[in-house]
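Undergrad: Sharing a structure below in C-alpha cells format, with a few things to ask.
The values are calculated or read from the model by the stated rules, or taken from the named source; none is laboratory data. Small disclaimer: the values here were computed from a predicted structure and weren't measured. In this analysis, Cβ positions are derived from the backbone assuming ideal geometry, glycine residues included, and neighbour counts consider all displayed protein chains. Side chains included, ligands, DNA and RNA excluded: accessible areas come from the protein's heavy atoms. Shrake-Rupley method; radii C 1.70, N 1.55, O 1.52, S 1.80 Å.
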Amino acid sequence: MLSNEQMNAIKQSAALLKAHGTKLVTVFYQNMIKQHPELLKQFNKTNLMNGSQPEALAATLYQAALHIDRLEELLPAVKQIAHKHVSVQVKKEQYPIVGYHLIEAMKEVFDLADEDETLLAWKAAYEIIANIFISIEAEMMNDNVKQRGGWSDAKPFIIKKKKHESPSFISFYLVPEDESELPLYQAGQYITVQADMPGEAYVCSRQYSLSDQYHPSYYRITVKRDGHVSTYLHDEMNEGDVLQVSMPQGMFCLHEDTTEPAYFISAGSGVTPMIGLAKTAASKENQSFTMIHADRLEDVTAFEKELESALSSTTQGRIILCNEQFDPMMKIDLVEKAASRIDRSFLQSVIGAGKGQFYLCGSPAFTQEMISTLKELGISDQNIQFESFGGQSMKEIDVV
C-alpha cells in the first residue's frame, strides 16, 4: 500500500506526465525493445511508428497519476487494457521488464536521481498496478481456456474466403485448422492476428474487430488497407493460407441489461464492429437502434445489402450512411443515405432528446470530436462507450 507521501509525489508528477509523457514513453519503448526485441510481436508496429501507441500509454500514466489515491475509478480502463494484453499474450514474467525500463526512462527524461522520492513512489506504484493487471489477466486467460472450444495464446486458422467488399476493404473468413467449433463471443469484440511476414525477425501482430455476429465455424474480419500487417493481408495472404489467431476479447459490446435506444456512430474502418452490433440489436426483442456511418463515397456503401437484411428483420432499427457527395434528392431506401458529414446539427436532428446508449468507433480524432459533440448535446459520460482505432491522444484524455 502506498503512503500518503508517495501518493502526493505521484500526483505532483501528473503535470510532468501531461507535458512530457509522450517523450517519456517513446524513450521507454525505444530502450525496452532494443534490449528485448522479442516483445515486438506483441505490438502493432504501425502504432509504434506513428506515435499512437506511445500516446496511449502516456495517457494511461497520466490518468494513473491523477487517480493514484482512488485507483478503483480506473478499473473499467484497466479491464479494457487487460483485454488487449490477453489478446496479444502478455505474460506475467514480462511485467518486471516493463517496470524496469519505465523507471529508467523516468530517470532519463525527468532527470531524476535513484533516490528521488517521485521515482521511488512510482516504483512502488508500478508494483501495485502490475499486480492488479496480472491478477485480472490470469482470470481472463483461465476463463478463455474453460470455455467450450477455448484456447490459450494463439492457434492456427485457415483463410477460407477472401472477399473484396470495396476498393479499400477486404473481408477474411477464418476457420480453425483443427475444425473445432468456436466459443461464443459478443459482437464488438476483436481478435489478434499474427502473420509471419518476410523480412521480420518476429511475427507481426494486429488486432481486428470481428465484423459479424457469432458464427460457430468462422471468424470474419474486415481489413482496410492501412498499416504494416493490413497491407500484407491485402496483398500477400490468400485463401488456404494460415494465420495465428487469439480468442476474442474486448468490452465494446451491446449492454445486456438495458432496452434503452442504442446509437452506433462510426467513420471509416470504425464500421467493422458496428456491423455485428447492429445485427445483434436487430435480433433483440424491444431493442431500438440507430446506426450512423460515414466514409469515402467508394467505401461507405460496402455493407449496404447486409445492413438492409438486418433492418428487414426488425421494425425498430434505422441505418444512415453519410457522405457529402450523396445526391440529396435520392429516393429513401431501407438503408438511408444522407448528403452530410456527422456534425452537431446532423446528430441533433437524428438523436432528438438523446436518451440512450451511444457507441462510437473510428480514429482517435473522430471519437474525440464525437465525444465532445455528444457532451454539448447533453449526453453524459456514462452513456458513451467508444473504441478508437489507434492510440488515445493527450488531447483526448481531457474529454473522456
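Undergrad: Assess whether S135 counts as being small (G, A, S) and free of Cβ contacts under 8 Å to residues at least 12 places away in the same chain.
TA: In short, yes.
Undergrad: Kindly indicate whether any position in the stretch 127-134 is within 21 Å of V90 (Cα to Cα), open to solvent by less than 30 Å² (accessible area, probe 1.4 Å) and assigned to a helix (DSSP H, G or I).
TA: There is at least one residue in the stretch 127-134 that is within 21 Å of V90 (Cα to Cα), open to solvent by less than 30 Å² (accessible area, probe 1.4 Å) and assigned to a helix (DSSP H, G or I).
Undergrad: Determine if the stretch 301-309 includes at least one residue that is assigned to a loop (DSSP other than H, G, I, E, B), free of Cβ contacts under 8 Å to residues at least 40 places away in the same chain and either in contact with a His (Cβ under 8 Å, 6 or more places away or on another chain) or not hydroxyl-bearing (S, T, Y) (or both).
TA: No: the stretch 301-309 contains no residue that is assigned to a loop (DSSP other than H, G, I, E, B), free of Cβ contacts under 8 Å to residues at least 40 places away in the same chain and either in contact with a His (Cβ under 8 Å, 6 or more places away or on another chain) or not hydroxyl-bearing (S, T, Y) (or both).
Undergrad: I'd like the residue in the stretch 57-75 that is open to solvent by 50 Å² or more (accessible area, probe 1.4 Å) and free of Cβ contacts under 8 Å to residues at least 12 places away in the same chain and, out of all such residues, is farthest from N4 (Cα to Cα).
TA: Applying the filter and picking the extreme gives L75.
Undergrad: Having 1 or more residues that are of a type in the set (F, W, Y) and on the phi < 0 side of the Ramachandran plot is the bar; report the helices (runs of 4 or more DSSP H) wholly within the stretch 1-91 that clear it.
TA: Qualifying helices (runs of 4 or more DSSP H): 14-35, 52-66.
Undergrad: Does L24 satisfy the condition of being modelled with pLDDT of 95 or more and surrounded by 18 or more Cβ atoms within 10 Å (Cβ to Cβ)?
TA: yes
Undergrad: Among the numbered criteria (1) within 19 Å of the chain's Cα centre (by Cα); (2) closer than 18 Å to T222 by Cα; (3) open to solvent by 10 Å² or more (accessible area, probe 1.4 Å), which one does F252 miss?
TA: So the condition that F252 fails would be (3).
Undergrad: What's the total number of residues in the stretch 236-249 that are surrounded by fewer than 21 Cβ atoms within 10 Å (Cβ to Cβ) and closer than 18 Å to T192 by Cβ?
TA: 4
Undergrad: Could you check S372 against (1) modelled with pLDDT under 95; (2) out of contact with any strand residue (DSSP E or B) (no Cβ under 9 Å at 6 or more places or on another chain); (3) surrounded by 12 or more Cβ atoms within 10 Å (Cβ to Cβ) and say which number it fails?
TA: Condition not satisfied by S372: (1).
Undergrad: Let me ask something else. What are the pairs, 6+ residues apart or on separate chains, where a residue within the stretch 96-125 that is touching a residue at least 12 places away in the same chain (Cβ under 8 Å) has its Cβ under 7 Å from a residue that is among the basic types (K, R)?
TA: From the stretch 96-125, the pairs are I103/K123; V109/K23; L119/K107.
Undergrad: Across the stretch 336-389, which residue is nearest to the chain's Cα centre (by Cα) among those that are of a type in the set (S, T, Y) and over 20 Å from A187 (Cβ atoms)?
TA: Once the filter is applied, the top-ranked residue is S363.
Undergrad: Filter the stretch 31-56 for residues that are at pLDDT 95 or above and under 30 Å from M7 (Cβ atoms); which is most open to solvent (accessible area, probe 1.4 Å)?
TA: Applying the filter and picking the extreme gives N31.
Undergrad: Quick one: how many residues across the stretch 349-369 are in contact with a Ser or Thr (Cβ under 9 Å, 6 or more places away or on another chain), under 29 Å from T22 (Cβ atoms) and surrounded by 19 or more Cβ atoms within 10 Å (Cβ to Cβ)?
TA: Here the count works out to 8.
Undergrad: Among the numbered conditions (1) out of contact with any Ser or Thr (no Cβ under 7 Å at 6 or more places or on another chain); (2) buried (at least 18 other Cβ atoms within 10 Å of the Cβ), tell me where L112 comes up short.
TA: L112 satisfies every listed condition except (1).
Undergrad: Would you check which residues across the stretch 256-287 are open to solvent by 30 Å² or more (accessible area, probe 1.4 Å) and free of Cβ contacts under 8 Å to residues at least 40 places away in the same chain and list them?
TA: Result: E256, D257, T259, K284, E285, N286.
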